[in-house]
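Colleague: Structure in structure tokens, see below.
The values are calculated or read from the model by the stated rules, or taken from the named source; none is laboratory data. Quick caveat, the model's predicted, so the values are computed rather than measured. Every residue, glycine as well, gets a Cβ built from its backbone with ideal geometry; the counts of neighbours run over all protein chains shown. Each accessible area value is taken on the protein alone, full model and side chains, heavy atoms only, with ligands, DNA and RNA left out. Shrake-Rupley method; radii C 1.70, N 1.55, O 1.52, S 1.80 Å.
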Amino acid sequence: GVTRLLLTRIPFFKEIIVSSFSCASCSWSNTEIQSAGRIQEQGVRYTLAVTSRQDMNREVVKTDCASARIPELDFEIPAFSQKGVLTTIEGIIDRAVAGLEQDQPARRATDKEVARKIDEFIGKLRQLKEVNSPFTFILDDPSGNSFVENPHAPQRDEALVVTHYRRSPQQAAVLGLEGEEVDAKLPDAAEDLRDEVLQFNTNCPECNAPASTNMKLVQIPHFKEVIIMATNCDSCGHRTNEVKSGGAIEPQGTRITLRITDPSDMTRDILKSETCSVEIPELEFELGMGALGGKFTTLEGLLKDIRDLVEKNPFTLGDSSTPSRTGKLQEFIGKLQDVKGKAQAHFIMDDPAGNSYLQNVYAPEEDPELSVQRYERTFEQNEELGLNDMKTEGYEPEAASSR
């Protein structure tokens, strides 16, 4: 047969290799995808509540290292058991049925009981395609390169929950990543770092050419210290910046609400941490945790990044889009432009870690258009931040006794 390979770049998914095989003798064909880009900083987990036939048509990008589960049937497709594929929810179920049916004739001859149970399970999988009753589809990818379509983009999808998480050491080892070694710093070295710009070598995330990243400790007035990292590539001109919190996780979460009433509000400084979600109720828009990473910019700059993120979504552009989706996208971009110009709206930042910041132009006085609410984190939020299993007191005697 003939195998064709195509290296292409899909916005939002980095680079992928599409391979297509076809046999002229038996007409068998197969398509696969492999990630050619970099492994993302965080893993991703998509939880979809399938309630209708339309949900079965959602497009799915599933990489080699992603696992798929349907808890209602206690069914799981383990990682690295299938090649990467661009398909739909129904297509994933069809591939699972085809894999189970492959050795059924041999099982019926050797072990009829096992073959009968597998036939029953195949029947249950096929019934899922009719969606007679709701079920849950979970796609977990430690590399962060899988995706489940949101047909309501750019609006929020109530049936789809996207969770970004830090990889465990075991998951990093499976992906072939080495553990990060943190160099011990002397206590007095931190003072020297405040006035120094550190530089270290890295690779450009776009063209993979050697580049340099600058890092600087910055004190934000009326807030705390942050670390700003900026990368500039001389080969392709790509530039990016990212912000990391320089302090610990706050005891309480923070919810910041700004009522945008004047174009001058667009110049307010914003620190958006990795754990912060953004919401604009008037546009029915919500940006989840982990999206866009950490940013230190202005309100106008953040809205521009949101627009770029929405416009580059592969399911709303090119051959993957439909006229209705394109119309929704253009309508949303028009409303977003109105917010930047004359329309009034509420801009909400919700950060369970409490490490986000929105400038108060009246500081140290109170800002009448800005409200900051402190709240107690829920168990689920502490779980996402890794605080439930964190023990900072009394661990040394326990470790000594266990030895």
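Colleague: Hey, can you tell me all the residues within region 325-355 that are within 22 Å of the chain's Cα centre (by Cα), at pLDDT 85 or above, closer than 21 Å to V310 by Cβ and open to solvent by less than 30 Å² (accessible area, probe 1.4 Å)?
Modeller: F347, I348, M349
Colleague: Considering only residues that are in contact (Cβ under 8 Å) with a residue 40 or more places away in the chain and either crowded, with 17+ Cβ neighbours inside 10 Å or not in a strand (DSSP E or B) (or both), which ones fall in region 153-162? Quick ask: steps written out before the conclusion?
Modeller: Our first condition is that a residue be in contact (Cβ under 8 Å) with a residue 40 or more places away in the chain; within region 153-162, this holds for 153-156, 159-162.
Correct list: A153, P154, Q155, R156, A159, L160, V162.
Colleague: Also, I was wondering about something else. Which of the numbered conditions does F135 fail, given that it passes all the others? Conditions: (1) open to solvent by 40 Å² or more (accessible area, probe 1.4 Å); (2) at pLDDT 80 or above; (3) not aliphatic (A, V, I, L, M).
Modeller: (1)
Colleague: Let me ask another. Is region 335-352 home to any residue that is under 27 Å from R58 (Cα atoms) and assigned by the TED database to the domain that holds R377? Lay out the reasoning, then the answer.
Modeller: First pass over region 335-352, keeping only residues under 27 Å from R58 (Cα atoms): 335-336.
Checking which are assigned by the TED database to the domain that holds R377 leaves us with 335-336.
Looking through region 335-352, at least one residue is under 27 Å from R58 (Cα atoms) and assigned by the TED database to the domain that holds R377.
Colleague: Any idea which residue in region 245-263 is farthest from the chain's Cα centre (by Cα), counting only those that are in contact (Cβ under 8 Å) with a residue 24 or more places away in the chain and open to solvent by 60 Å² or more (accessible area, probe 1.4 Å)?
Modeller: P263
Colleague: Can you say whether E90 is open to solvent by 30 Å² or more (accessible area, probe 1.4 Å), closer than 20 Å to E158 by Cβ and acidic (D, E), as far as the supplied structure shows?
Modeller: Numbers: open to solvent by 30 Å² or more (accessible area, probe 1.4 Å): yes; closer than 20 Å to E158 by Cβ: no; acidic (D, E): yes.
Against the criterion (open to solvent by 30 Å² or more (accessible area, probe 1.4 Å), closer than 20 Å to E158 by Cβ and acidic (D, E)), E90 does not qualify.
Colleague: Which of (1) surrounded by fewer than 12 Cβ atoms within 10 Å (Cβ to Cβ); (2) at pLDDT 90 or above does P105 not meet, given it meets every other one?
Modeller: (2)
Colleague: Please identify the pairs in which a residue from region 38-65 that is free of Cβ contacts under 8 Å to residues at least 40 places away in the same chain has its Cβ atom under 8 Å from the Cβ atom of a residue that is open to solvent by less than 30 Å² (accessible area, probe 1.4 Å) and not in a strand (DSSP E or B), counting only partners at least 6 apart or on another chain.
Modeller: Going by the 8 Å Cβ cut-off, the qualifying pairs are N57/I89; D64/G84.
Colleague: Which number in (1) assigned by the TED database to the domain that holds V148; (2) open to solvent by 20 Å² or more (accessible area, probe 1.4 Å); (3) not in a strand (DSSP E or B) marks the one condition that A24 misses?
Modeller: The single condition A24 does not satisfy is (1).
Colleague: K391 is checked against (1) open to solvent by 30 Å² or more (accessible area, probe 1.4 Å); (2) in contact with a strand residue (DSSP E or B) (Cβ under 8 Å, 6 or more places away or on another chain) and fails just one. What number does that condition carry?
Modeller: Just one mismatch for K391, condition (2).
Colleague: Anything in region 204-235 that is assigned to a loop (DSSP other than H, G, I, E, B) and open to solvent by 70 Å² or more (accessible area, probe 1.4 Å)? List them, or say none.
Modeller: Narrowing region 204-235 to residues assigned to a loop (DSSP other than H, G, I, E, B): 204-209, 220-224, 233-235.
Passing the criteria: N208, P221, H222, D234, S235.
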